[in-house]
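Nothing in this text is a laboratory measurement; each read-out follows from the coordinates by a stated rule. Since the structure is predicted, the reported quantities are computational estimates derived from the model, not experimental observations. Neighbour counts run over all protein chains shown; Cβ positions are idealised from the backbone, glycine included.
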Amino acid sequence: MGSNVYARGVLVIYFAPLRTKPEWQWFKERTHVISCEDTQGIVAYRENGAIAGMVVFDTWTDSSANVHIAIDDPACVRRGLLREAAIHAYHVGDKKRLFGLVPSNNAKALRLNKKIGFREVARVPDAVDDGIDYVVMRLDKEECRWLPALLKEAV
């Protein structure tokens, strides 16, 4: 067996809340995000216990939260990581929108965010460094294809 564990030909991924220092260390090594007092997250695990991906939220306001994403194994997206994250933010957290700040020189993250459904709403010039902007990206609840339709309509 390789790093992916299969049960009857299907990759097994399970999800859990972000709780431990090793989980946070895994995330920090990939994103360089600093934990905030209100940080929460969803961790995708392979059946063998290895982390496949993580979505972390912080800076919760009355209507929004910031989101950060790290993925080592794209199978976790196909198996529901973004669905679980959408349910957590929009339904459990009762937020209307999510925001992400992406350095303008991180083409991979910009492509991923756009593919997920985020759209650019602003740029903060030179916020990361001279010549490197922060791209402010937004995903509204009603536009999120990862949130089950029944929960989109829930008040």
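A Stokes-Einstein calculation at 37 °C with viscosity 0.692 mPa s, built on the Kirkwood radius of the range 61-125 over Cα pairs, returns a diffusion coefficient of 253 µm²/s. Out of 110, 82, 11, any idea which swings most in a Gaussian network model of the chain, alpha carbons joined below 10 Å? Between 110, 82, 11, it is 11 that shows the largest mean-square fluctuation. Projected label points at residue 111 and residue 72, each 7 Å from Cα along the beta carbon direction, are separated by 2.2 nanometres.
For the chain, go through all pairs of different Cα atoms, get the mean of 1/r, take its inverse, and jot down that Kirkwood value in Å. Intermediate results must be reported in sequence, preceding the final value.
On the way: mean 1/r = 0.0617 Å⁻¹.
Radius from the Kirkwood sum: 16.2 Å.
With kT/(6 pi eta Rh) evaluated at 37 °C and eta = 0.692 mPa s, and Rh the Kirkwood radius from Cα pairs, the range 103-155 diffuses with a coefficient of 265 µm²/s according to Stokes-Einstein. Maximal additional length on extending the residue 124-residue 21 stretch stands at 33.9 nm, based on 0.36 nm per residue less the C-alpha distance.
Using a Gaussian network for the chain with springs between C-alpha atoms less than 10 Å apart, which of these wobbles most: 108, 95, 28? Highest fluctuation among the options: 108.
Among 13, 132, which comes first, second and so on when ranked by fewest other beta-carbon atoms within 10 Å? List each step's numbers first, then the result.
Values: 13 22, 132 14.
Neighbour counts put them in this order, fewest first: 132, 13.
Taking each of 95/141; 96/152; 115/141; 28/152; 108/152; 108/141 in turn, the alpha-carbon distance tops 19 angstrom for 28/152; 108/152; 108/141.
Computed from backbone phi with θ = phi - 60° and the Karplus coefficients 6.51, -1.76 and 1.60, the 3J(HN,Hα) list for the range 109-123 is 5, 4, 5, 4, 4, 5, 5, 5, x, 5, 10, 6, 10, 6, 10 Hz; x is used for glycine and proline.
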